[in-house]
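Derivation of every value follows stated rules applied to the coordinates shown; laboratory data play no part. Bear in mind that the values here come from a model prediction, so they are computed numbers and not experimental data. Glycine also receives a Cβ, built like all others from the backbone with ideal geometry; neighbour counts cover every protein chain displayed.
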Amino acid sequence: MNADLNAPRIQSVAPAGHTGESLPKPLLGTVLAVQANYYHVKLEGVGIGSRESKAGREGERTQPTLPLMLLCTRRSRLKKIGQRVMVGDQVEVEEPDWEGGRGAIAQVLPRRSSLDRPPVANADQLLLVFALVDPMLDPYQLSHFLVKAETTQLKVCLCLNKSDLATTDEREYWCARLQQWGYAPILMSVQQAIGLAAVEAQLGDRVTIVSGPSGVGKSSLINWLVPHSDLRVAAVSGKLGRGRHTTRHVELFELPTGGLLADTPGFNQPDLDCTPEALATYFPEARSRLALANCQFSDCLHRDEPNCVVRGDWERYEHYLSFLDEAIARQEALNKLGDSEATLKRKSNRDGQEQYEPKLETKKYRRPSRRVQQQTLQNMRYDLKDASLDGD
């Protein structure tokens with residue numbers, strides 16, 4: 001396999017003593033990072049056998065087996081069918097080049113979960129990180145993130161960082177308030193090492209996505225959980241009261257206690273992509289009401305409809321109405337797009353992302369096939385021959 005001079009370099013060592021027959025078949029692995037058109041894949045069931053030292057022969061323990069990483073490309077066949085390779089994917093690797101640390105992804109195994117933003121496959125839970133102060137906790141923004149997290153169908157774990165900078169009354173107030181929302185937050189402080197053991201206990205043997213607005217301490221938390229991750233940490237902007245974007249791509253980090261942690265690019269307000277009818281199910285307060293009784297109408301939007309069991313005096317009901325307007329506006333925009341699809345065609349790019357392009361007029365721009373051209377020429381010859389016979 002030819003090496004690409006522009007490809008990123010990784011440290012990879014050939015497994016000592018392994019032959020092609022001794023390697024597991026098929027060769028499987030997990031995509032830990034995506035960089036341009038290259039994929040960092042941690043292989044399963046393959047390791048670098050440690051050499052037994054003299055001390056080891058005398059009865060002392062030897063070094064543990066180390067995992068093996070390969071830098072892979074994607075097979076052209078996967079590109080043609082629009083198969084996207086995401087961080088967290090379980091993949092099959094072919095033609096490993098042990099000396100060069102390279103390989104090729106031949107197949108993506110079925111996913112148990114898939115998210116587009118952030119683009120992560122096979123995740124188990126979301127670790128939603130906010131700050132109590134610096135920047136101040138905004139209930140509307142927090143509610144927006146929580147609803148978006150609920151739409152993923154993943155378990156949601158809420159952490160409130162910088163709790164050491166808040167007063168005792170502020171901490172008690174927010175814990176009681178969020179309990180009414182249906183969440184039990186973990187109060188923590190990365191700087192003072194408060195509550196970190198409780199966070200770590202939620203992450204073992206799971207694939208966890210860290211999310212939240214910028215400037216709340218996500219990168220600092222990951223640097224503590226994964227000491228060698230070396231993420232860049234930026235101070236909170238004084239003018240806007242929020243952090244600068246320090247994470248530029250999605251990457252999975254291996255936790256010392258087991259499990260994988262996905263850091264995602266910070267964004268200040270995630271988009272809600274749910275239907276108006278389903279929105280209420282992403283509020284725990286509304287779900288508890290619907291579990292006890294049903295609305296009169298099956299398509300109730302819980303706004304002005306009679307005999308609605310959701311509409312009431314719960315705190316986030318105003319948030320629900322605001323998000324409902326967003327969902328209705330989005331659905332109307334999609335309906336307009338659907339009306340215009342008669343003149344548009346959907347096409348997938350190299351990464352498997354879909355986009356719309358104008359359709360060309362079929363009869364005007366479609367090139368006739370070679371068979372049609374030959375048939376047309378044959379008919380013209382017959383016509384000329386018939387014309388010459390008639391002239392005789």
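Using 0.36 nm per residue and subtracting the Cα-Cα separation, the extra length available between Asp271 and Asp205 on full extension is 20.8 nm. Here the label points at Arg111 and Ala197, each 7 Å from Cα along the C-beta direction, are separated by 3.7 nm in the simple model. Close amide-amide hydrogen proximity is noted between Arg74 and Ile105, each under 5 Å apart and 5 or more residues distant or on a separate chain (H modeled in the peptide plane; Pro and chain starts excluded).
A simple count of charges around Leu225, restricted to other residues whose Cβ falls under 11 Å of its Cβ and scoring Lys, Arg +1 and Asp, Glu -1, yields -2. Each Lys or Arg adds one and each Asp or Glu subtracts one; over the other residues with Cβ under 14 Å from the Cβ of Thr208, this totals -3. For Gln35, the residues whose amide H sits under 5 Å from its own are His40, ignoring neighbours fewer than 5 places away on the same chain, with H placed 1.01 Å from N. Taking a Cβ cut-off of under 9 Å around Leu70, the surrounding Lys, Arg, Asp and Glu residues balance to a net charge of +1, with basic ones at +1 and acidic ones at -1. A protection proxy built from the mean count of other Cβ atoms within 10 Å ranks the segments 302-315, 177-190, 208-221, most packed first, as 208-221, 177-190, 302-315. Computed extension length for Ser298-Leu377: 22.1 nm, one decimal, from 0.36 nm per residue of separation with the Cα-Cα distance subtracted.
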